[in-house]
Amino acid sequence: MEGKVSNFRYAWTASIPVLFGYVTLGFAYGLYMHNLGFAFWYPALMALTIYGGSVEFFIANLLLQHFNPLNVLLITAVLGFRQFFYGVAMLTKYPHHGWQKWLLIFGLSDETFVLNYYTKIPDGYDPTTVQTWISVLDYFYWALGALSGGCLGGILNLQVKGLDFVMTALFLVLAVEQILKEKDHWSALSGFVITIACLLVVGKSYFMIVTLLLLVLEYYWFGYRERGRH
(Lines give C-alpha, C1' and ligand atoms only; values in the text may rest on other atoms or scores of the structure.)
Protein backbone atom coordinates (compact mmCIF):
# COMPACT_ATOMS: atom_id res chain seq x y z
CA MET A 1 0.00 0.00 0.00
CA GLU A 2 2.86 2.34 0.86
CA GLY A 3 4.35 1.75 -2.57
CA LYS A 4 1.11 2.74 -4.29
CA VAL A 5 0.87 5.92 -2.23
CA SER A 6 4.49 6.78 -3.05
CA ASN A 7 3.87 6.29 -6.77
CA PHE A 8 0.82 8.55 -6.61
CA ARG A 9 2.69 11.18 -4.59
CA TYR A 10 5.56 11.22 -7.08
CA ALA A 11 3.13 11.53 -10.03
CA TRP A 12 1.25 14.31 -8.23
CA THR A 13 4.46 16.25 -7.61
CA ALA A 14 5.58 15.85 -11.23
CA SER A 15 2.19 16.98 -12.56
CA ILE A 16 1.81 20.15 -10.46
CA PRO A 17 2.92 22.48 -13.31
CA VAL A 18 0.25 20.90 -15.53
CA LEU A 19 -2.29 21.38 -12.73
CA PHE A 20 -1.94 25.16 -12.82
CA GLY A 21 -1.85 25.29 -16.62
CA TYR A 22 -4.76 22.93 -17.26
CA VAL A 23 -7.07 24.30 -14.60
CA THR A 24 -6.46 27.85 -15.79
CA LEU A 25 -6.83 27.06 -19.47
CA GLY A 26 -9.74 24.68 -18.82
CA PHE A 27 -11.48 27.40 -16.85
CA ALA A 28 -11.06 29.77 -19.79
CA TYR A 29 -12.49 27.09 -22.07
CA GLY A 30 -15.52 26.54 -19.83
CA LEU A 31 -16.11 30.27 -19.65
CA TYR A 32 -15.71 30.51 -23.42
CA MET A 33 -18.38 27.82 -23.91
CA HIS A 34 -20.68 29.74 -21.58
CA ASN A 35 -20.13 32.91 -23.63
CA LEU A 36 -21.20 30.96 -26.71
CA GLY A 37 -24.47 30.08 -24.97
CA PHE A 38 -23.87 26.49 -23.84
CA ALA A 39 -24.94 25.04 -20.49
CA PHE A 40 -22.29 24.38 -17.84
CA TRP A 41 -22.20 20.62 -18.50
CA TYR A 42 -21.23 21.00 -22.18
CA PRO A 43 -17.56 21.95 -21.58
CA ALA A 44 -17.26 19.27 -18.88
CA LEU A 45 -18.67 16.59 -21.19
CA MET A 46 -16.44 17.66 -24.09
CA ALA A 47 -13.41 17.75 -21.81
CA LEU A 48 -14.11 14.21 -20.62
CA THR A 49 -14.79 12.73 -24.05
CA ILE A 50 -12.72 14.74 -26.55
CA TYR A 51 -9.84 15.78 -24.27
CA GLY A 52 -8.15 17.71 -27.02
CA GLY A 53 -7.45 21.27 -25.92
CA SER A 54 -7.34 23.24 -29.15
CA VAL A 55 -9.76 20.77 -30.80
CA GLU A 56 -12.36 21.55 -28.15
CA PHE A 57 -12.10 25.30 -28.79
CA PHE A 58 -12.71 24.73 -32.51
CA ILE A 59 -15.51 22.24 -31.94
CA ALA A 60 -17.27 24.78 -29.73
CA ASN A 61 -17.55 27.11 -32.72
CA LEU A 62 -18.53 24.33 -35.11
CA LEU A 63 -21.45 23.39 -32.85
CA LEU A 64 -22.98 26.78 -33.68
CA GLN A 65 -22.75 26.17 -37.43
CA HIS A 66 -24.52 23.87 -39.86
CA PHE A 67 -23.54 20.29 -39.03
CA ASN A 68 -20.80 19.11 -41.35
CA PRO A 69 -19.24 15.84 -40.09
CA LEU A 70 -16.58 15.79 -42.82
CA ASN A 71 -15.40 19.26 -41.85
CA VAL A 72 -15.31 18.27 -38.16
CA LEU A 73 -13.35 15.12 -38.99
CA LEU A 74 -10.85 17.01 -41.13
CA ILE A 75 -10.24 19.78 -38.58
CA THR A 76 -9.91 17.26 -35.75
CA ALA A 77 -7.44 15.19 -37.77
CA VAL A 78 -5.35 18.24 -38.66
CA LEU A 79 -5.25 19.66 -35.14
CA GLY A 80 -4.54 16.31 -33.54
CA PHE A 81 -2.13 14.99 -36.16
CA ARG A 82 0.92 15.91 -34.05
CA GLN A 83 -0.20 13.32 -31.50
CA PHE A 84 0.49 10.59 -34.04
CA PHE A 85 4.16 11.41 -33.62
CA TYR A 86 3.76 11.45 -29.85
CA GLY A 87 2.44 7.90 -30.08
CA VAL A 88 5.39 6.77 -32.19
CA ALA A 89 7.82 8.33 -29.69
CA MET A 90 6.10 6.55 -26.79
CA LEU A 91 6.32 3.06 -28.31
CA THR A 92 9.50 2.45 -26.36
CA LYS A 93 8.00 3.96 -23.19
CA TYR A 94 4.77 1.94 -23.20
CA PRO A 95 5.98 -1.53 -24.26
CA HIS A 96 3.84 -3.71 -21.96
CA HIS A 97 1.44 -1.85 -19.73
CA GLY A 98 -1.57 -4.20 -19.89
CA TRP A 99 -4.94 -2.55 -19.37
CA GLN A 100 -3.24 0.68 -18.33
CA LYS A 101 -1.98 1.11 -21.87
CA TRP A 102 -5.43 2.22 -23.03
CA LEU A 103 -5.56 4.96 -20.40
CA LEU A 104 -2.08 6.08 -21.41
CA ILE A 105 -3.01 6.22 -25.09
CA PHE A 106 -6.22 8.16 -24.48
CA GLY A 107 -4.49 10.56 -22.09
CA LEU A 108 -1.53 11.39 -24.34
CA SER A 109 -1.89 15.15 -24.44
CA ASP A 110 0.98 17.54 -25.19
CA GLU A 111 1.90 18.14 -21.57
CA THR A 112 1.38 14.52 -20.53
CA PHE A 113 3.66 13.42 -23.34
CA VAL A 114 6.40 15.74 -22.10
CA LEU A 115 6.08 14.50 -18.52
CA ASN A 116 5.92 10.80 -19.32
CA TYR A 117 8.68 10.97 -21.90
CA TYR A 118 11.22 13.14 -20.12
CA THR A 119 10.56 12.51 -16.41
CA LYS A 120 13.31 10.35 -14.92
CA ILE A 121 11.56 8.02 -12.51
CA PRO A 122 13.91 7.07 -9.63
CA ASP A 123 14.52 3.53 -8.49
CA GLY A 124 11.93 2.30 -6.05
CA TYR A 125 8.98 3.62 -8.05
CA ASP A 126 6.95 1.67 -10.59
CA PRO A 127 7.24 3.52 -13.95
CA THR A 128 3.95 2.12 -15.27
CA THR A 129 2.00 3.23 -12.21
CA VAL A 130 3.62 6.67 -12.13
CA GLN A 131 2.97 7.26 -15.85
CA THR A 132 -0.63 6.13 -15.45
CA TRP A 133 -1.22 8.44 -12.49
CA ILE A 134 0.31 11.37 -14.37
CA SER A 135 -2.06 10.72 -17.29
CA VAL A 136 -5.11 10.39 -15.04
CA LEU A 137 -4.25 13.48 -12.98
CA ASP A 138 -3.70 15.64 -16.09
CA TYR A 139 -7.04 14.42 -17.46
CA PHE A 140 -8.74 15.33 -14.18
CA TYR A 141 -7.14 18.80 -14.12
CA TRP A 142 -8.48 19.65 -17.56
CA ALA A 143 -11.99 18.37 -16.82
CA LEU A 144 -12.04 20.20 -13.47
CA GLY A 145 -11.02 23.46 -15.11
CA ALA A 146 -13.65 23.13 -17.84
CA LEU A 147 -16.41 22.32 -15.33
CA SER A 148 -15.37 25.20 -13.04
CA GLY A 149 -15.38 27.70 -15.90
CA GLY A 150 -18.78 26.57 -17.13
CA CYS A 151 -20.33 26.60 -13.65
CA LEU A 152 -18.90 29.95 -12.57
CA GLY A 153 -19.80 31.51 -15.90
CA GLY A 154 -23.38 30.33 -15.47
CA ILE A 155 -23.67 31.40 -11.83
CA LEU A 156 -22.20 34.88 -12.31
CA ASN A 157 -23.34 35.21 -15.94
CA LEU A 158 -19.85 36.32 -16.97
CA GLN A 159 -19.31 37.57 -20.51
CA VAL A 160 -15.61 38.02 -21.28
CA LYS A 161 -14.47 39.16 -24.72
CA GLY A 162 -11.29 37.90 -26.34
CA LEU A 163 -11.30 34.37 -24.90
CA ASP A 164 -10.98 32.93 -28.40
CA PHE A 165 -7.39 34.21 -28.33
CA VAL A 166 -6.45 31.99 -25.38
CA MET A 167 -5.09 29.10 -27.45
CA THR A 168 -3.15 31.41 -29.75
CA ALA A 169 -1.58 33.12 -26.76
CA LEU A 170 -0.68 29.77 -25.19
CA PHE A 171 1.00 28.52 -28.36
CA LEU A 172 2.95 31.77 -28.68
CA VAL A 173 4.22 31.53 -25.12
CA LEU A 174 5.27 27.89 -25.56
CA ALA A 175 7.01 28.70 -28.85
CA VAL A 176 8.94 31.63 -27.37
CA GLU A 177 9.95 29.55 -24.35
CA GLN A 178 11.22 26.76 -26.58
CA ILE A 179 13.18 29.17 -28.77
CA LEU A 180 14.85 30.71 -25.73
CA LYS A 181 15.96 27.24 -24.59
CA GLU A 182 17.59 26.40 -27.94
CA LYS A 183 21.31 26.79 -28.44
CA ASP A 184 20.82 26.82 -32.20
CA HIS A 185 17.72 28.54 -33.61
CA TRP A 186 17.88 26.70 -36.92
CA SER A 187 14.94 24.41 -36.13
CA ALA A 188 12.72 27.34 -35.09
CA LEU A 189 13.65 29.35 -38.18
CA SER A 190 13.16 26.43 -40.58
CA GLY A 191 9.85 25.57 -38.91
CA PHE A 192 8.63 29.13 -39.37
CA VAL A 193 9.69 29.26 -43.04
CA ILE A 194 8.19 25.84 -43.85
CA THR A 195 4.93 26.73 -42.12
CA ILE A 196 4.52 30.02 -43.99
CA ALA A 197 5.44 28.39 -47.31
CA CYS A 198 2.92 25.57 -46.82
CA LEU A 199 0.21 28.03 -45.81
CA LEU A 200 0.76 30.06 -48.99
CA VAL A 201 1.05 27.05 -51.31
CA VAL A 202 -1.44 24.54 -49.86
CA GLY A 203 -3.91 26.80 -48.09
CA LYS A 204 -5.13 26.91 -44.49
CA SER A 205 -7.23 23.72 -44.70
CA TYR A 206 -4.33 21.30 -45.22
CA PHE A 207 -1.16 23.23 -44.46
CA MET A 208 -0.70 21.76 -40.97
CA ILE A 209 -0.50 18.15 -42.19
CA VAL A 210 1.93 19.07 -44.98
CA THR A 211 3.99 21.18 -42.57
CA LEU A 212 4.29 18.37 -40.03
CA LEU A 213 5.32 15.86 -42.69
CA LEU A 214 7.98 18.20 -44.08
CA LEU A 215 9.31 18.93 -40.60
CA VAL A 216 9.54 15.23 -39.82
CA LEU A 217 11.44 14.66 -43.07
CA GLU A 218 13.72 17.59 -42.27
CA TYR A 219 14.55 16.37 -38.77
CA TYR A 220 15.01 12.82 -40.02
CA TRP A 221 17.45 14.05 -42.67
CA PHE A 222 19.48 16.09 -40.21
CA GLY A 223 19.42 13.22 -37.72
CA TYR A 224 20.59 10.83 -40.44
CA ARG A 225 23.45 13.15 -41.36
CA GLU A 226 24.42 13.56 -37.71
CA ARG A 227 24.53 9.79 -37.22
CA GLY A 228 26.60 9.47 -40.38
CA ARG A 229 29.23 11.76 -38.94
CA HIS A 230 29.64 9.49 -35.96
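A few points about this structure:
- The range 5-54, subset free of Cβ contacts under 8 Å to residues at least 60 places away in the same chain and not in a helix (DSSP H, G or I), residue farthest from the chain's Cα centre (by Cα): 37
- Count - residues of the range 12-44 that are of a type in the set (S, T, N, Q) and open to solvent by 50 Å² or more (accessible area, probe 1.4 Å): 2
- Filtered residues of the range 176-209 (kept if under 23 Å from the mean Cα position of the chain (by Cα), modelled with pLDDT of 80 or more and either under 19 Å from residue 75 (Cα atoms) or open to solvent by 60 Å² or more (accessible area, probe 1.4 Å) (or both)): 189, 192, 195, 196, 198, 199
- Test: residue in the range 51-69 that is in contact with a Ser or Thr (Cβ under 8 Å, 6 or more places away or on another chain) and of a type in the set (Ser, Thr, Tyr): yes
- Selection count where residues are over 25 Å from residue 135 (Cβ atoms) and exposed (fewer than 13 other Cβ atoms within 10 Å of the Cβ), scope the range 45-72: 8
- Looking across the range 78-133, just one residue is of a type in the set (D, E, K, R), free of Cβ contacts under 8 Å to residues at least 24 places away in the same chain and either open to solvent by less than 60 Å² (accessible area, probe 1.4 Å) or not in a loop (DSSP other than H, G, I, E, B) (or both), and that is 101.
The values are calculated or read from the model by the stated rules, or taken from the named source; none is laboratory data. Given the structure is predicted, the values throughout are model-derived calculations rather than measurements. In this analysis, Cβ positions are derived from the backbone assuming ideal geometry, glycine residues included, and neighbour counts consider all displayed protein chains. Heads up: the accessible areas ignore ligands, DNA and RNA and are worked out on the full protein's heavy atoms, side chains in. Shrake-Rupley method; radii C 1.70, N 1.55, O 1.52, S 1.80 Å.
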